[in-house]
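The structure appears below as structure tokens.
The values are calculated or read from the model by the stated rules, or taken from the named source; none is laboratory data. It should be emphasised that the depicted structure is a prediction, and the values quoted were computed from it without experimental measurement. In this analysis, Cβ positions are derived from the backbone assuming ideal geometry, glycine residues included, and neighbour counts consider all displayed protein chains. Please note that ligands, DNA and RNA were not included when accessible areas were found on the heavy atoms of the full protein model with its side chains. Shrake-Rupley method; radii C 1.70, N 1.55, O 1.52, S 1.80 Å.
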Amino acid sequence: MTIRFTRAALFAAASSLALSGAAYAQTAGAPEGERRTIDVVTVTAQQREQSAQDVPISLGAYGAQELRAAGVQDIKDLISIAPGLMVTSTQAETITTARIRGIGTVGDNFGLESSVGVYIDGVFRARNGVGFSDLGEIERIEVLRGPQGTLFGKNTSAGVLNIVTAAPEFEYGGSLQADIGNFDHRRYSGHFTGPIGGDTLALRLFAAVGERDGFTNMTLRQPGGTREVESETNDYYTFRGQALWVPSDMVEGRFIADYTRRNEFCCSAVQWQTAPDPAALIGGVGGQVLSPADPDQRRAFANREYQQQVTDYGFSAEFDFELPIGTLTTITSWRNWTNQRTQDIDFTSADIAYRGDGNSTDLTRFDQEVRLTGMTGNLDWLVGGIISHEDLRLNDAIRFGADWEIYLGLAASNGADPFFISNTLNAVAGGPLFAPGQALPAGSGVNQDTYNQTGRSWALFTHNTYQLTDQLAITGGLRYTNETKDVFATFSTNATPGCAFLETVFGPDPLAGAAGTGLEPLIPLICLPYARTGLDANGYDRERTDEEVSGTLRATYDVNDNMMLYAGFSRGFKAGGFNLDREFNGPIAGGSYVNSDSSFRPETIDSYEIGFKSQLFGNVLQLNANAFYQEVTDFQLNTFTGLAFVVQNIPEIESRGVEVDFTWATPIEGLDISGGYAYVNAEYGSTPDTPANLAGQTISLSPEHFVTGQAIYTRPIADTLLFLAALDARWVSEYNTGSDLAPGKEQDAFTLVNGRLGLGSLDGRWNVELWGRNLTDETYVQVAFDQFAQSGAAAGQIGTFGGFLGAPRTWGVTLRTEW
């Protein structure tokens, strides 16, 4: 059913153990002389409308008021008020990954699906990055922590971001808004809502267009000369149309169609750490890096542009039918997401390696879900099922630039011989087979690799709560999931002559064939995966099926009307899949690999938690807390080695922690304060199969401590004006940002502060707001990584690490009118 709010909760904070749904305290409406109380948010965390304080799981529910006060327009902005949540972007903003309780999946490989599911208006987004966009008019966002697979299904083993947009209304209304800020930021948006021809059909239309200059200054070196450009630009438009159909008290339907188009220059990387030897080699071929590294300059280098064009559109239809036995809900959705991009993958102005034209992703998904809910005596029951079909087509083409052979020759000869590669191969051949620079020529590498993956899944589930006594209830749920993935991959290589020669001499696995020749250190560099031809003849055609029974069991005990205790267990499941990158393994026949296997196993999470939710002192303070312990089996880890991506299952991760959150309607009229603290200790196990560099270590992108806080103050001025002041802050302790946990990829503890001042009419007809994000201009890295062929690991040196930085200080003004 459609949920309508008057005023939303201010920080129904939460985290895995969080202030499950504490809400923004009303600043008006209390009788004179009485204290304001906290208005609790209604959520659908259990696919039913419930008070967040009555749901026995850890969640945060953030309403429109606090989201606007914190400047939240996409899922990355949400971290400023949601403790325990991490959201990062890397090579493109479409490669965005969310983590909850330290658990998440690196998003640089579309073969891996996220452990944190993103739902928008009940529709699953196939990857976190697919859900990264201007969310428009947000009614609320629910952050559900811990496994949510019983009700939300696949890829929610770590949690869910459940986003609900504003629905059509049966009263005419609308708005126009302009946001203008530094970096030449411009965003214009508007909406209209109202009934159409009576009281059975209402529409809501929303549109926005935005653009912004880049956050990073880039030196772009190309054959026509060197010029300065800006990276991390913003240029998009989006549209959402909705219809709410209520033909009777027994039927309600909501139809949504949306379209988004983005055309941006993104995403470059700055030098986070510059190693002397790789830097000197880059300079030896005429390129530039910052040495020593200075991320505060926000300066990047490239010799090719970072262009990305994203199109995202789809539709959904949700119906609720009131039947004698309960409510039948159906949700049908279809979505398509495409991305085309070019990229300089070495992140220097030397011409080493790049993605040229022809790199694209096309993802189409269909879902059909049916749920039936009802009450029978003391039993609140739910049964349902879902079928899904996903088609993914990925085209990739990594090629070598004009400086590659010289750069590699200088690296292999300690700077002595730029043509060391050609000279060495000529020595192997016993004659002048290669002219200088012709062993690894420009443009060689991948012509086109194409991965066609089809995923089919279905599930049956049930979720039921039985009220044993007036105070004690038991909740149990089960889900059976069956998922099959087929991948058909074809490969076409414009072979580098040097690698082709080694394959001719030593076979399709030249490293194994050259064992004992003294060439072992050099062959993996000459014959990178993008230079080898062993997959071209046969490609591979693989299928895997995973099935799992997951579920939850929880108990709640109402101590009184103002306090609830709960404890529970839940299991999450994420199916296995295929690494959509070149992997050379399996049998060899006729000089080629036969059906190479790039699969990885499913990931499961068992989670235990205990907590309480309370409303104290006449409901002027909501205080919630919980503790959790999680065991992750076969964690799916994606790591860039500096030369290629490697996907592996890590046998064991343990994550434990404590979180406390509060919301307080202070005695000061109009002032409401909320805050949260999360302690998260997520570590790899020490089993024999765990890589030595990870065993017993804290996992990447998982700070041990999170602290968030938000204050909102509203005050009438005279009889016609309303003043607003809002401030929120987030502090996290130090953590390592690299999947391999290499020293030098750490991010020190830091604080982000956002603020907003506003003045408007009491009736909401107009308002003006000054806002700022990252007010202290903190420079911090989202992810640090080994820059291509600059790790220095082969020589035992420290490496050059690139860094994808968070946004700098931004500020501006918002003008808004409503009617």
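Against the empirical curve 2.2 N^0.38 Å, the C-alpha radius of gyration of the chain lands at a ratio of 0.98. By the rule of a C-alpha distance below 14 Å, with chain neighbours fewer than 8 residues away ignored, the aspartates and glutamates paired with Lys154 are Glu113, Asp367, Glu369, Glu390, Glu483, Asp546, Glu547, Glu548, Glu603.
Just want to confirm a number: the relative contact order over the range 48-152, from Cα pairs under 8 angstrom separated by 6+ residues, in percent. Dividing the mean separation by the residue count of the range 48-152 yields 30 percent.
Modelled this way, with points 7 Å down the Cα-to-C-beta line, the labels at Ala416 and Ala435 are 2.7 nm from one another.
Just the protein heavy atoms count here, and of the accessible area of the chain at 1.4 Å, carbon and sulfur take up 56 percent. At a probe radius of 1.4 angstrom, the accessible area of the range 214-280 per residue rounds to 42 square angstrom. Sorted into 10 angstrom bins from 0, the C-alpha pair distances of the range 294-360 split as 17, 24, 19, 14, 12, 10, 4, 0 percent.
Dipole of the chain computed with +1 at Lys/Arg Cβ and -1 at Asp/Glu Cβ about the Cα centre; of Gly744, Leu408, Asn767, farthest Cα towards the positive end is Asn767.
Each of Leu553, Leu161, Leu323 has its accessible area taken with a 1.4 Å probe; listed largest first, they run Leu553, Leu323, Leu161. Considering every alpha-carbon pair of the range 623-745, the percent of pairs per 10 Å bin, from zero through the bin containing the longest distance, is 11, 30, 23, 16, 11, 6, 1, 0. Of the residues Asn638, Thr698, Thr666, the one whose Cα sits farthest toward the positive end of the charge dipole of the range 579-738, with +1 on the Cβ of Lys and Arg and -1 on the Cβ of Asp and Glu, is Thr666. Modelled this way, with points 7 Å down the Cα-to-C-beta line, the labels at Glu669 and Leu511 are 7.3 nm from one another.
When the Cα convex hull of the range 696-817 is projected onto planes of every orientation, the mean area is 10.0 nm².
Ranking Arg809, Arg479 by solvent-accessible area of protein heavy atoms (1.4 Å probe, all protein chains present), from largest to smallest, gives Arg809, Arg479. 3J(HN,Hα) along the range 329-343, derived from phi through the Karplus expression 6.51 cos²θ - 1.76 cosθ + 1.60 where θ = phi - 60°, amounts to 10, 10, 10, 10, 9, 9, 9, 9, 9, 10, 8, 10, 8, 10, 7 Hz, with x in place of Gly and Pro.
Between the Cα long axis of helix 420-429 and the first principal axis of the chain there is an angle of about 50°, rounded to the nearest 10. Remark: the chain carries a charge dipole of roughly 460 debye about the Cα centre, counting +1 on each Lys and Arg Cβ and -1 on each Asp and Glu Cβ. For the pair the range 519-539 and the range 242-286, the centres of their Cα atoms are 32 angstrom apart.
Computed extension length for Ala207-Leu468: 89.0 nm, one decimal, from 0.36 nm per residue of separation with the Cα-Cα distance subtracted.
Dipole magnitude for the range 47-186: about 620 debye, using +1 per Lys or Arg Cβ and -1 per Asp or Glu Cβ, origin at the Cα centre. For a straight C-alpha distance cut-off of 29 angstrom, the lysines reachable from Lys745 (same-chain residues fewer than eight places away being disregarded) are Lys76, Lys574.
Could you pull out which residues in the range 267-284 have an amide N less than 16 Å from a spot 7 Å beyond the Cα of Asp296, following the Cα-Cβ vector? Output list for this probe position: 271-273. Here the range 237-377 is treated with +1 on each Lys and Arg Cβ and -1 on each Asp and Glu Cβ, and its dipole about the Cα centre works out to around 200 debye.
3J(HN,Hα) couplings calculated from phi for the range 747-755 with the Karplus curve 6.51 cos²θ - 1.76 cosθ + 1.60 (θ = phi - 60°) are, in sequence order, 10, 5, 4, 7, 10, 10, 10, 10, x Hz; Gly and Pro show x.
Probing with 1.4 Å while keeping every protein chain in the model, the per residue accessible area of the range 354-502 equals 39 Å².
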